[in-house]
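Right, one structure below, let's go through it.
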Amino acid sequence: MRPVDSLTPAWIVVDWGTTSFRAALVTLAGTVLAQIETPEGIQVIPDRAYEPVLMRALEGWFAAHGPLPVVALGMITSRTGWVEVPYVCCPARAADLAAGTFRQTLPNGAKLIFLAGLTDPARKPFADVMRGEETQILGFGVARDATLVLPGTHSKWARLRSGAIESFQTFVTGEIFALLSQHSFIAKAGAGQNDPPDWAAFDSGVAEAASEGAYADAFLSLLFSVRTGMLAGALGASQILDYVSGLVIGHEFREARGQGWFKTGDAIGIVGNDQLNLRYGKVAQAFGLKVLDGGEGAAIAGAMVLCRLFDKESPDAD
């Protein structure tokens, strides 16, 4: 039987994305004992030489604890990663995601399990996809019916029903904000992101996106209010990026509402790992929603849901 106490390492969880490498040393109960983070995302590793990078990053843990099994998720399992793992189709349960893995053995004998992504073939005009967010959803928990939003570069809205991830939809909110704030007239006019944020400017952008007026449906036109707001003296240079952030995230919610993801008075879960959760929570309230906080450790918690299923497959499991 695998150890389940809070001190014994049982798995290494690797979240390997385009721009970063993150690893966590985790007990079977889900306690994180140590973490590693480097900028060695898959886009900077030449000739797809992923194995040497992984072995070097984890050598200290392997030396101290032996060849612990490794579970890898994120873009490392994509077409541009180490190995392309086929997507599992919605509706999907934890057992379906566990069955969709690809496995191999590292040079030290450790098991390496690549997790599958998820696809929703019902989306138009083409099937939607995610890699990595499905573990966050499992970490939130699929036992109750719920609607979740997972903020990020490519924000995901997902519906949980009858113990499964029933469907989801992607909004490229973070990427649009990055393009606007770095490569547009907005970038030239703005004075950079505020720390702490200018919440009044952010709320003003949200209010415009959440307006009942028909003008707020015209997102491309609404963006021009950044310039007209400056000309009218209503927006200063230091307010612009927080105002735009409110507009863009607010319009994500407006479009999600139009797609049937929620109605006023509903509760939604917000699952993520950074300050975007706070912004999304403020926007959710502006749209009359109650917020269920999904916390910041959902990805590891979800990976451990699958690791416990993998452990049950082992010959020495009870």
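Only the coordinates and a few stated rules stand behind these numbers; no lab work does. Keep in mind that what you see is a predicted model, and the values were worked out from it rather than measured. Cβ coordinates were reconstructed from backbone atoms using ideal geometry, including for glycine residues, and neighbour counts include every protein chain displayed.
A dipole drawn for segment 156-246 from +1 and -1 charges on Cβ atoms has a positive end, and of Ile240, Gly174, Leu223 the residue lying farthest that way is Gly174. Length gained on full extension, Asp217 to Thr38: 60.3 nm, using 0.36 nm per residue less the C-alpha separation.
A cut-off under 14 angstrom between Cβ atoms defines the neighbours of Gly294, and their net charge, with Lys, Arg +1 and Asp, Glu -1, is -2. Among 266-272, 158-164, the peptide with the highest mean count of other Cβ atoms within 10 Å heads the list, and the full ranking is 266-272, 158-164.
Once you list every other residue whose beta carbon is under 13 Å from the beta carbon of Leu241, what net charge do they have if Lys and Arg are +1 and Asp and Glu are -1?
Numbers: positive: Lys188, Arg279; negative: Asp195, Asp198, Asp242.
After counting each charged neighbour, the total is -1.
After finding the eigenvalues of the alpha carbon gyration tensor for segment 112-213, what semi-axes result from the square roots of 5 times each, listed largest first in whole Å? Don't skip to the answer; put the middle values down first.
Values: eigenvalues 198, 57, 44 Å².
Its equivalent ellipsoid spans semi-axes of 31, 17, 15 Å.
Both radii come from the Cα set of segment 27-75: Rg as radius of gyration, Rh as Kirkwood radius; their ratio Rg/Rh reads 0.98. The Cβ shell under 13 Å around Val129 holds other residues with a net charge of -1, Lys and Arg each +1, Asp and Glu each -1.
Two tests apply to each whole DSSP H helix in the chain, Cα reach of 18 Å or more along its axis and mean Kyte-Doolittle hydropathy of at least -1.0, and the ones passing both are 50-65, 240-258, 298-313. For q values of 0.16, 0.20, 0.24, 0.26 Å⁻¹, compute log₁₀ I(q)/I(0) with the Debye formula on a Cα-only model of segment 105-146, without solvent. Here the Debye-derived log intensity ratios amount to -0.63, -0.79, -0.90, -0.94.
Going by average Cβ density within 10 Å per residue, which order do the peptides 286-292, 17-23 take, highest to lowest? Each step should come with its number before you reach the end.
On the way: 286-292: 16.3, 17-23: 17.9.
Packing proxy ranking, top to bottom: 17-23, 286-292.
For segment 173-293, the relative contact order comes to 29 percent (Cα pairs under 8 Å, sequence separation of at least 6). Under the criterion of Cα pairs below 8 Å and six or more residues apart, the relative contact order for the chain equals 16 percent. Calculated from the structure at hand, percent of Cα pairs over 39 Å apart is found among (i) 11; (ii) 19; (iii) 8 as (ii).
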